[in-house]
Amino acid sequence: MLKIHYLTCSKPLLCLTFAAKYTYMSNRTFTMIKPDATSKGHTGAILDQILKAGFSIKAMKWIQLTEKQAGLFYDIHRERPFFQELVDFMSSGPIVAAVLEKENAVADFRTLIGATNPAQAEEGTIRKRFAASIGENAVHGSDSDENALIEADFFFSKLERY
Ligand code: GDP
């Protein structure tokens, strides 16, 4: 028997694997600095704000997505009216993809970037400072631990993260 927090587990190996994965991702999120921000020269300032907010970088790459890759990444939005606009935009120039670590990473990063629509974002948030519209909104941040892991896996091999 293995005890994980308040749970008692009858299959120790399975539970340890689950616990390791859960612990790993609950402190990590995935982000992209989007093509509008990279093309306007905001990459450095955005990374600076992210680091000053207490996140550390666990993986990072500068990459331009193909239309197909952008479509796959945003597959969940395929039926939305803005899908093609989103794919065209996200494949229009380079992005910075990164895995970030901090306690409560997913929620804290969503607070740091602000609302999807920069017009509704809080003062001082990354989207308020650097985004121009709901579509071209400077940064992406995962919305759950589960999606953070899926999105990190989309861009990075295990060798590319530490
Ligand atoms: P997020 O989690 O805050 O990024 O927002 P969503 O998951 O709802 O949407 C994903 C991305 O699709 C957003 O970050 C925007 O880039 C884009 N998007 C969302 N809503 C709209 C919209 O109404 N119009 C356009 N053009 N793009 C949108």
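Report whether or not Ser142 is within 11 Å of the ligand (Cβ to nearest atom), touching a residue at least 24 places away in the same chain (Cβ under 8 Å) and small (Gly, Ala, Ser).
Details: within 11 Å of the ligand (Cβ to nearest atom): yes; touching a residue at least 24 places away in the same chain (Cβ under 8 Å): yes; small (Gly, Ala, Ser): yes.
Taking the combined requirement at face value, the residue satisfies it.
Which one of Ile57, Ile63, Ile113 is modelled with pLDDT of 95 or more and surrounded by 18 or more Cβ atoms within 10 Å (Cβ to Cβ)?
Ile113
Out of all the residues in region 85-124, which are part of a loop (DSSP other than H, G, I, E, B) and within 15 Å of the ligand (Cβ to nearest atom)? Lay out the reasoning, then the answer.
Within region 85-124, the subset part of a loop (DSSP other than H, G, I, E, B) is 91-94, 102-104, 114-117, 121-124.
Listed by number, the residues that qualify are Ser91, Ser92, Gly93, Gly114, Ala115, Thr116, Asn117, Ala121, Glu122.
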Selection over region 51-70 where residues are within 16 Å of the ligand (Cβ to nearest atom) and under 16 Å from the mean Cα position of the chain (by Cα) yields a count of 3
Taking first residues from region 67-90 that are more than 15 Å from Ile134 (Cβ to Cβ) and of a type in the set (A, V, I, L, M, F, W, C) and second residues anywhere that are assigned to a helix (DSSP H, G or I) and within 9 Å of the ligand (Cβ to nearest atom), the pairs with Cβ under 6 Å that are 6 or more apart or on different chains are Ala70/Met90
TODO: Return a yes/no flag: does region 126-147 have any residue that is at pLDDT below 95, within 13 Å of Arg28 (Cα to Cα) and loosely packed, with under 15 Cβ neighbours inside 10 Å.
DONE: no
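The values are calculated or read from the model by the stated rules, or taken from the named source; none is laboratory data. Everything numeric in this text was worked out from a predicted model, so none of it was measured. So basically every Cβ, Gly included, is an ideal-geometry build from the backbone, and we count neighbours across all protein chains shown.
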